[in-house]
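Chemist: Submitted below is the structure of interest, expressed as structure tokens.
Each value in this text was obtained by applying a stated rule to the coordinates, not by laboratory testing. Since this is a predicted model, take the numbers as computed values, not measurements. As a convention, Cβ positions derive from the backbone with ideal geometry for all residues, glycine included, and neighbour counts pool all protein chains shown.
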Amino acid sequence: MAEAASAAPEAAFPIPSGVFAETVTEVKHYTDRLFKFRMTRPASFRFRSGEFVMIGLPNAEKPVYRAYSIASPAWDEELEFFSIKVPGGPLTEHLQKIRPGDTVLMRKKPTGTLVNDALLPGKRVYMFATGTGIAPFASLIRDPETYEKFEQVILCHTCREVAELKYGEELVAAFREDPLVGEFSDRLVHYTTVTREPYPRSWRITDAMENGQLFRDLGVDPISPEEDRGMICGSMAMLKDTKAILEKFGLVEGSNSEPGTFVVERAFVD
Ligand code: A2P
């Protein structure tokens, strides 16, 4: 109760127990479908880069929670999220209206399989994202641990429209200038594709994997279980298709309890 009283004086409903009530510090809208927000980080909250949490708003007696990957790295003093705006969506319809100073609820326990611990060591890690699926990788590419584990990081991002790539482009540009992790800049490759507008690479990443275009563009051999690792985050259909392709290349799905050569995040709904 003490937490509820002190954390969110403007909340219309009491803060439920077992959640943190945090203050929004920044909101940026990219398109009519996409926005990011940052909020304060509770001093006691620890997570591994790539994990997700359940996010809600203090706007109902029983708030609606949705899984959100934490897009900021484990060392960051704030928490960042990248969200879709679902028309009529029970959470995002309201979440898209938040402003600095507002309260966001976060359940206390982070979890997830898109973590370095769930992958066996390798030379190169591919991160395959569509749409807001880039969020866990926004965390991982900013974590020095990723570069301790892998020589090369290939962040693949496919969106419907060019404007939807903007968050990732800003992220990578800021990463390259960051005094803490910028030293790893030449080990990160950002490979973007767009499917519904003219673009130099106008194809789904899955097609580029199957027809070899991805590997020709990167100047590397096709994916092999000896050298390469994969992480996948996107819609259910994208997860299924990308997983099947990685399995054809001989990679085997891993988990926290049994690390493998690729991992998939299944927590998200479209
Ligand atoms: P496309 O425009 O050809 O459907 P969404 O917003 O629907 O999740 O889509 C985000 C991006 O993911 C789009 O560029 C979309 O391509 C692509 N995509 C959708 N389904 C798949 C899939 N099964 N495999 C690979 N990419 C996909």
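Chemist: Does the range 127-270 come out rounded, prolate or oblate by the C-alpha gyration tensor, with a ≥ b ≥ c the root eigenvalues, rounded set by a/c under 1.5 and, if not, prolate when a/b is larger than b/c and oblate if not?
Modeler: rounded
Chemist: Please state the relative contact order of the chain as a whole percent: Cα pairs under 8 Å, 6+ residues apart?
Modeler: Once divided by the residue count of the chain, the mean separation gives 18 percent.
Chemist: Using 0.36 nm per residue, how much length does the chain from residue 201 to residue 62 gain when fully extended, once their Cα-Cα distance is taken away?
Modeler: Full extension from residue 201 to residue 62 adds 45.6 nm.
Chemist: Next question. Stretched out fully, how many nm does the piece from residue 183 to residue 75 gain, at 0.36 nm a residue minus the Cα gap?
Modeler: Additional length available on full extension: 37.3 nm.
Chemist: Please determine, in degrees from 0 to 90 and to the nearest 10, the orientation of helix 236-248 with respect to the longest principal axis defined by the Cα atoms of the chain, where the helix direction is its Cα long axis.
Modeler: Around 30 degrees separate the two axes.
Chemist: Would you mind putting 177-183, 254-260, 107-113 in packing order, based on average other-beta-carbon counts within 10 Å, highest first?
Modeler: Sorting 177-183, 254-260, 107-113 by mean packing, highest first, produces 107-113, 254-260, 177-183.
Chemist: Just to confirm a number: summing +1 for Lys and Arg and -1 for Asp and Glu over residues other than residue 149 whose beta-carbon lies under 11 angstrom from that of residue 149, what do you get?
Modeler: -2
Chemist: Now for a different question. Could you tell me how many degrees, from 0 to 90 and to the nearest 10, lie between the Cα long axis of helix 166-177 and the main elongation axis, the longest principal axis, of the Cα atoms of the chain?
Modeler: 80 degrees
Chemist: Suppose we take every Cα in the range 46-110 and form the convex hull; what volume per residue is that in Å³?
Modeler: 88 Å³
Chemist: What GluC sites (Glu not before Pro) in the range 34-117 are in a loop by DSSP, with at most 11 other Cβ atoms within 10 Å of the Cβ?
Modeler: Qualifying residues, ordered by number: 61, 77.
Chemist: Given the options 105, 114, 218, state which has the largest fluctuation in a GNM of the chain using a 10 Å cut-off (strictly under) for Cα springs.
Modeler: Largest GNM mean-square fluctuation: 218.
Chemist: Shape call for the chain from the C-alpha gyration tensor, a ≥ b ≥ c root eigenvalues: rounded (a/c under 1.5), prolate (a/b greater than b/c) or oblate?
Modeler: prolate
Chemist: Most mobile of 41, 196, 229 per a Gaussian network model of the chain (Cα springs, under 10 Å)?
Modeler: Of 41, 196, 229, the Gaussian network model singles out 196 as fluctuating most.
Chemist: Pull out the extension gain between residue 26 and residue 240, defined as 0.36 nm times the separation in residues minus the alpha carbon to alpha carbon distance; nm, one decimal.
Modeler: 73.6 nm
Chemist: What value, in deg cm²/dmol to 500, does the helix sum -39500 (n - 2.57) over DSSP H runs of n ≥ 4 give at 222 nm once divided by the residues of the chain?
Modeler: Here the helix-only value at 222 nm equals -5500 deg cm²/dmol.
Chemist: With contacts defined as alpha carbon pairs under 8 Å and 6 or more residues apart, what's the relative contact order of the range 116-264 in percent?
Modeler: 31 percent
Chemist: Considering only 214, 257, 146, whose Cα is most displaced toward the positive end of the charge dipole of the range 135-270, charges sitting on Cβ of Lys, Arg (+1) and Asp, Glu (-1)?
Modeler: 214
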